[in-house]
Amino acid sequence: MATELDALAQSLPEWLKGSGPESDIVISSRIRLARNLAEFPFIARATEGDRGQIEKLVHSKIKALQKSKRLPERLMYLNVGELSELDRRFLTERQLVSRELAEAEGARAVAIDPEGHFSVMINEEDHLRMQVMSSGLDLESAWRQITELDDALESQVTYAYNEKLGYLTACPTNVGTGVRVSVMLHLPALVITRQIDKVFRSLQKINLAVRGLYGEGSQAMGDFYQISNQITLGRTEEELTKKVADIVPVLLDYERQARDFLIRESQETLHDRVSRAFGILRTAQTISSEETMHLLSSLRMGVNLGLIGEVDLVTINKLFVHTQPAHLQKLTGMELESSDRNIERASFLRQHLSAQPPKSGQN
């Protein structure tokens, strides 16, 4: 198990490779489905014995789907309760499990596609939470993949379903389709120009939720925001997907207009901001995770605007993930105190960014 996770830590998930549409601003598209098994009570009312039975049942069905080749043979199946705290945090940083699953008690597990396309959480808030992620703005591909995954699992188990209400879920806001459609965006220019709050108030008026990097309850680190639907009842999967898909181009236009404004009205200030970020990241001897995210955000925008030419988006995307606390410790092969992590993080950044001095006539 440790070997599998160590190998996973070294890799970059497909959704972070920047190969999808609009990937200068859209980091990833994700679709998540909440499902429950008809013969068991919801997790909040389930006994420890119920939870154990659910986990064993789903595990056996997943193995059957692997045998029939409806799921990949290389699928990783992890008993989350047996993982170390470091490994649970690592999976959360990789967005393969939720914080709720990582921090819960009792029988729980996750099935993970090693390529990072999808994961299936067992005994989170619902019996099953499955998610598919794709690079850039590609909800169509994510929807196609999660439909196949959902159909495969539904061929093996009986979901809790009501003809009038639809799929029954632990949280009322998920009742109906049980679908959460989300897109992760990098919006640094809207933050710098102080338009971000106005944009988010507009989104909330049309029942779209705005969350941080790690979903519900998390902060917006590195100017990353998740935009998703809030309500599923009374809407079809297609309607929910279309609602999010239709609003994203508007947000992209706002962000690009803000970037154009910064270039046009304060190019020297913007250039200085980006150059300073690059300089600190390449030379720091100790640096926190929060400061790293902030500086990488400026650097990523600078690369997209052609202000910095020595580093590519894939490298920056990789650094966003690999400099997170649990990833850093997995990559170094040891658990580190906060101060030691800050030193190791700085060293890691220097290795990846200090090849050449920046171009563009900087002093």
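The values are calculated or read from the model by the stated rules, or taken from the named source; none is laboratory data. These numbers come from a predicted model, not from an experiment. Every residue, glycine among them, receives a Cβ derived from its backbone with ideal geometry; neighbour counts consider all protein chains shown.
Among the residues making up the stretch 269-305, those that are under 13 Å from Leu353 (Cα atoms) and among the small types (Gly, Ala, Ser) are Ser275, Ala277, Gly279, Ala284.
Taking the numbered list (1) farther than 30 Å from Val244 by Cβ; (2) surrounded by fewer than 18 Cβ atoms within 10 Å (Cβ to Cβ); (3) modelled with pLDDT under 95 in turn, His59 passes all entries but (3).
Among the conditions (1) surrounded by fewer than 19 Cβ atoms within 10 Å (Cβ to Cβ); (2) in contact with a Leu (Cβ under 6 Å, 6 or more places away or on another chain), Gln329 misses just one, which is (1).
Any residue in the stretch 262-274 that is of a type in the set (D, E, K, R) and within 21 Å of the chain's Cα centre (by Cα)? Looking through the stretch 262-274, none of the residues is of a type in the set (D, E, K, R) and within 21 Å of the chain's Cα centre (by Cα). For the stretch 166-177, the set of residues classified as over 26 Å from Trp15 (Cβ atoms) and either without any contact (Cβ under 8 Å) to a residue 12 or more places away in the chain or loosely packed, with under 14 Cβ neighbours inside 10 Å (or both) consists of Pro172 only.
Among the residues of the stretch 48-74, the one identified as farther than 22 Å from Leu5 by Cα and in contact with a Pro (Cβ under 8 Å, 6 or more places away or on another chain) is Asp50.
Selection over the stretch 98-155 of residues that are in contact (Cβ under 8 Å) with a residue 24 or more places away in the chain and assigned to a strand (DSSP E or B) gives a count of 16.
So that you can scan it fast, the table gives a plain yes or no per residue for (1) among the polar types (S, T, N, Q); (2) within 18 Å of Leu331 (Cα to Cα):
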{"position": "Asp87", "(1), (2)": "no, yes"}
{"position": "Phe90", "(1), (2)": "no, yes"}
{"position": "Gln95", "(1), (2)": "yes, yes"}
{"position": "Ser98", "(1), (2)": "yes, no"}
{"position": "Glu105", "(1), (2)": "no, no"}
{"position": "Ser119", "(1), (2)": "yes, no"}
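Is the stretch 75-91 home to any residue that is at pLDDT 95 or above, crowded, with 21+ Cβ neighbours inside 10 Å, closer than 20 Å to Thr158 by Cα and out of contact with any Lys or Arg (no Cβ under 9 Å at 6 or more places or on another chain)? Within the stretch 75-91, none of the residues are at pLDDT 95 or above, crowded, with 21+ Cβ neighbours inside 10 Å, closer than 20 Å to Thr158 by Cα and out of contact with any Lys or Arg (no Cβ under 9 Å at 6 or more places or on another chain).
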